[in-house]
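Read through the structure below, which is laid out as structure tokens, and then see the notes.
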Ligand SMILES: Cc1cc2nc3c(=O)[nH]c(=O)nc-3n(C[C@H](O)[C@H](O)[C@H](O)COP(=O)(O)OP(=O)(O)OC[C@H]3O[C@@H](n4cnc5c(N)ncnc54)[C@H](O)[C@@H]3O)c2cc1C
């Protein structure tokens, strides 16, 4: 038996990169096991090209000296022309050679034996090798990739692998030459395999359950599919009956395109421009039939062939079914981990819940790579995630160690981010003050701009709408961009603006939920350039998806409205309560953009059925929730708002929404008042502590007059509409967050009661309607008009946004539906 400080299991990109980083820590004995790049060499098809681009295909190392360029220079192994930053993707065999070269440089003493067991042994772990040898290690880093997670749909259970196999079981598809092969799946590995089968002489056909074909880098046919609308889709697909995937095929068949009206041809050509690698893959699949939105119903062995029946009634008998059905992470499938360890790892749907340093709930046990995606975002599924993962691991382990280790850590930090180095150097050498980037410039963004601007903080506003905040005297930069809806594109856009305007170390403020999700998911990339107060995905997913929010609230004893999650119309039978109901999305952005509403009311079961079908068509059936409708308008709605850090509220405020627009399911408050309600503080802080929340947050509640309980409706992990009320009541939320981000001391404070905020442009029509309906007394309304303290937009000291709002009102009403 030998001993060491850290055992790394795996010699793929993650294991090798982690080893290269940890070997920088003096006196830390690190042992690394695994066959170098074996998954890439054995489980990916010959002839494949990487889907990640040149920059994203670099395995991170602490000195940035083991790059693809350095590999080319050192080995004379020139990658195909057009590599580098240009379009042509990296071939698989070159990437394997690069990984093996990296291993020889960084981990020359790699031990290629297999690990068959890891057990906890008091202060650390006992690692068991396949030849019976053992290693005692203080920490274990698992970086064994996704091979054990290959997903086979249950319909194919029991079929021999000669008839149905997973894509990961093959290296060379040429053995299928002359055979009929049905490829199941619409993702990258299915498509790439179909292209290789076709090129290798097989008769390939693709069937995908999804209605969209995902090409590369988030460029999905979905973009096109959604952009076209149902009528055009019908026209478009009728001639070929191939579903959205057919667009690329159509573009490659000029005669089909010519049948379409001119304007549509132009639009298609314009929209069909996509990343070169995706375009290239689409071209390779031009002659491969694809069927989207189809499910496999039955699978039968038919002699030496397989009979497959689809849900449209069609059947085919093929020589082989290739399952491009991807991978499903489940830590329990890591067979070498003892049962005791598997049970001790906190997990969510098979994904380990990880802490900084990618440490599991078992102290000293770290998991890198794709399983870290639930906690640290989708980047962890790709080679480019090695940068964040290795640094995080290094910082964690070095930070826990000796002073010497910390010095090493600082050296590494001083090296700065791996990408955008040139700009980073310029930024570091300049003495520019730190500012804030506000993403979204409506009245909510304006509140942030004014709060920070008053403290002389420079501000850059990024928006995809004609918004009012850019007219503020405090806005120092304003950038209009095309769209901030798609998460990955938003992140790219924000990074691009940050680099172009040299906004290094500025603090990011999202104002919409989808931007919060994007920042949380891609936090590792963003933190290379910005200060990102948005918490990591591990925390944000509890507020982003209401299914998570309600589940946790129920576990914590926080009341919530009675809620059902039907998967289809038949499941509505399970809604055993009396109408009225409210239909709401689990993820509100998907629904709000499509319907401009926060929820729909169903007064009876017929309406419930109809509305469920409409809602399911918008967001998918799994995302529609049915709730018992709590009676009462805005006056029954309350909110707790805070700057929360390390388990306590540094700044807090409780309000009553006196009026909201629309009155029943208010998308936005129009008249709000601060109040004292300690119960809401207790409930909210319990929730925020449970998810270890950091940052600005608003929790919305409704008082149920039937049982007197305050029921949690929603949690917003960002600033909220009326946050500008805060400074008037003694709590300047945006500035508190900024001060904390730049390392200043922030004094705890609580809002005083009785301060009111109004948004006149929406409150006036809301109040008039209520007066006409007899729900509001006009004397009371005039009283509120005379006495409110804070107006959302109009300000004597910063008048232009108010004037801009009046001018932009028709545009904003159309765009947002108010
Ligand atoms: C078809 C396909 C195409 C892909 N294309 C791309 C792409 O273009 N770009 C991209 O960034 N990502 C791509 N990926 C994702 C890619 O797999 C991961 O980014 C990458 O492999 C993750 O590296 P890893 O180190 O976590 O795992 P792996 O590369 O799988 O390495 C696992 C290592 O663990 C070792 N190991 C496993 N079990 C044991 C054990 N019991 N004992 C000792 N050693 C063990 C293996 O020998 C290997 O060395 C693709 C994935 C697939 C399936």
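Assorted remarks:
- All of 62, 45 fail the test of being crowded, with 17+ Cβ neighbours inside 10 Å, part of a loop (DSSP other than H, G, I, E, B) and near the ligand (Cβ under 9 Å from one of its atoms), apart from 45.
- A Cβ distance below 7 Å, combined with a sequence gap of six or more or placement on separate chains, defines the contacts here; from the stretch 1-27, residues that are without any contact (Cβ under 8 Å) to a residue 60 or more places away in the chain and within 21 Å of residue 117 (Cβ to Cβ) reach no residue that is within 15 Å of the ligand (Cβ to nearest atom) and in a strand (DSSP E or B).
- Listing of helices (runs of 4 or more DSSP H) fully contained in the stretch 531-629 that carry 1 or more residues being out of contact with any helix residue (DSSP H, G or I) (no Cβ under 8 Å at 6 or more places or on another chain): 546-555, 588-595, 605-619
- Residue 159 more than 14 Å from the ligand (Cβ to nearest atom), surrounded by 19 or more Cβ atoms within 10 Å (Cβ to Cβ) and more than 30 Å from residue 9 (Cβ to Cβ): no
- Some residue of the stretch 14-27 being more than 20 Å from residue 368 (Cα to Cα) and either buried (at least 22 other Cβ atoms within 10 Å of the Cβ) or at pLDDT 95 or above (or both): no
- Residue among 70, 60 that alone is touching a residue at least 40 places away in the same chain (Cβ under 8 Å) and closer than 21 Å to residue 394 by Cβ: 60
- Against the test of being more than 9 Å from the ligand (Cβ to nearest atom), modelled with pLDDT of 90 or more and crowded, with 19+ Cβ neighbours inside 10 Å, the options 149, 71 yield a single qualifying residue, 71.
- Cβ pairs under 8 Å, 6+ apart, first in the stretch 312-327 and free of Cβ contacts under 8 Å to residues at least 24 places away in the same chain, second part of a loop (DSSP other than H, G, I, E, B) and more than 16 Å from the ligand (Cβ to nearest atom): 312/294
- Hits in the stretch 29-52 (condition: touching a strand residue (DSSP E or B) at 6+ places or on another chain (Cβ under 7 Å) and modelled with pLDDT of 95 or more): 29, 30, 31, 32, 33, 34
- Qualifying residue in the stretch 454-467 (condition: assigned to a helix (DSSP H, G or I) and surrounded by fewer than 24 Cβ atoms within 10 Å (Cβ to Cβ)): no
- Within the stretch 115-136, the set of residues being over 22 Å from residue 359 (Cα atoms) and either crowded, with 17+ Cβ neighbours inside 10 Å or within 11 Å of the ligand (Cβ to nearest atom) (or both) comprises 129, 130.
- The stretch 141-164 residues that are closer than 26 Å to residue 359 by Cβ and touching a residue at least 24 places away in the same chain (Cβ under 8 Å), paired with ones that are more than 10 Å from the ligand (Cβ to nearest atom) and assigned to a strand (DSSP E or B) (beta carbon under 6 Å, 6 or more apart): 141/366
- Positions within the stretch 317-333 being surrounded by fewer than 21 Cβ atoms within 10 Å (Cβ to Cβ), under 17 Å from residue 360 (Cα atoms) and within 13 Å of the ligand (Cβ to nearest atom), in sequence order: 333
The values are calculated or read from the model by the stated rules, or taken from the named source; none is laboratory data. Predicted model only: the values in this text are computed from it and were never measured. Backbone-built Cβ (ideal geometry, glycine too); neighbour counts: all protein chains shown.
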